[in-house]
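S.K.: There's a structure below that I have some questions on.
The values are calculated or read from the model by the stated rules, or taken from the named source; none is laboratory data. In this text the structure is predicted, and so the values were computed from the model without any measurement. All Cβ positions, glycine included, derive from the backbone under ideal geometry; neighbour counts span all protein chains shown. Ligands, DNA and RNA are excluded from the accessible area calculation, which covers all protein heavy atoms including side chains. Shrake-Rupley method; radii C 1.70, N 1.55, O 1.52, S 1.80 Å.
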Amino acid sequence: MPQTTILPGQIYRSCDPRGGPRIRVKSYTPGHNTAHVVDADDGKRPRWILVDSLHASATTRYGKPRRTGYALEAGQ
């Protein structure tokens, strides 16, 4: 399973089929289990998110669409 390299400035989109916010990584310390994120569009709503919720792909290793977490946007 590909491991996501989390870097400040990366933008992730919600995998929820109902839609959801896009987030931008504000800061992350390698080895920690959380990253500080904000809304991607306006930079508001700062919060901490578990890095296990940040995925490199919008599909699972079995090819099914993810329904939870956030997927890295293409080109990031």
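S.K.: Got a sec? Charge dipole of the chain, +1 on Cβ for Lys and Arg, -1 for Asp and Glu; which of Gly9, Tyr70, Pro46 is way out at the positive end?
M.R.: Tyr70
S.K.: Still on this model: Calculate what fraction, in whole %, of the accessible area of the chain sits on carbon and sulfur atoms when a 1.4 Å probe is rolled over the protein chains.
M.R.: The value for the chain is 50 percent carbon and sulfur by accessible area.
S.K.: ³J(HN,Hα) across region 13-19 via Karplus (A = 6.51, B = -1.76, C = 1.60, θ = phi - 60°), whole Hz, x for Gly/Pro?
M.R.: For region 13-19, the Karplus-derived couplings read 10, 5, 8, 4, x, 7, x Hz, x marking Gly and Pro.
S.K.: Next up: Using 0.36 nm per residue of separation minus the Cα-Cα distance, give me the extension gain between Arg61 and Thr5 in nm, one decimal.
M.R.: 18.4 nm
S.K.: Accessible area per residue for the chain in Å², computed with a 1.4 Å probe and the full protein assembly in place, what is it?
M.R.: On a per-residue basis, the chain sits at 68 Å².
S.K.: Follow-up question, since we're still on this one. Taking the Cα-to-Cβ direction at Ser53 and at Thr29 and moving 7 Å from each Cα, how far apart do the two end points lie in nm?
M.R.: Using points 7 Å along Cα→Cβ, the separation is 2.0 nm.
S.K.: Next question, about the same structure. Give me, ordered by chain and number, the residues 5 or more places off Gln10 or on other chains with an amide H under 5 Å from its own placed amide H.
M.R.: The list, which skips near neighbours in sequence, is Val25.
S.K.: Between Asp42 and Glu73, what is the spin-label point distance in nm, taking each point 7 Å from the Cα along the Cα→C-beta axis?
M.R.: Calculated label separation equals 1.7 nm.
S.K.: Nearest 20 debye, what's the magnitude of the dipole of the chain about its Cα centre given +1 on Lys and Arg Cβ and -1 on Asp and Glu Cβ?
M.R.: Here the size comes out at about 180 debye.
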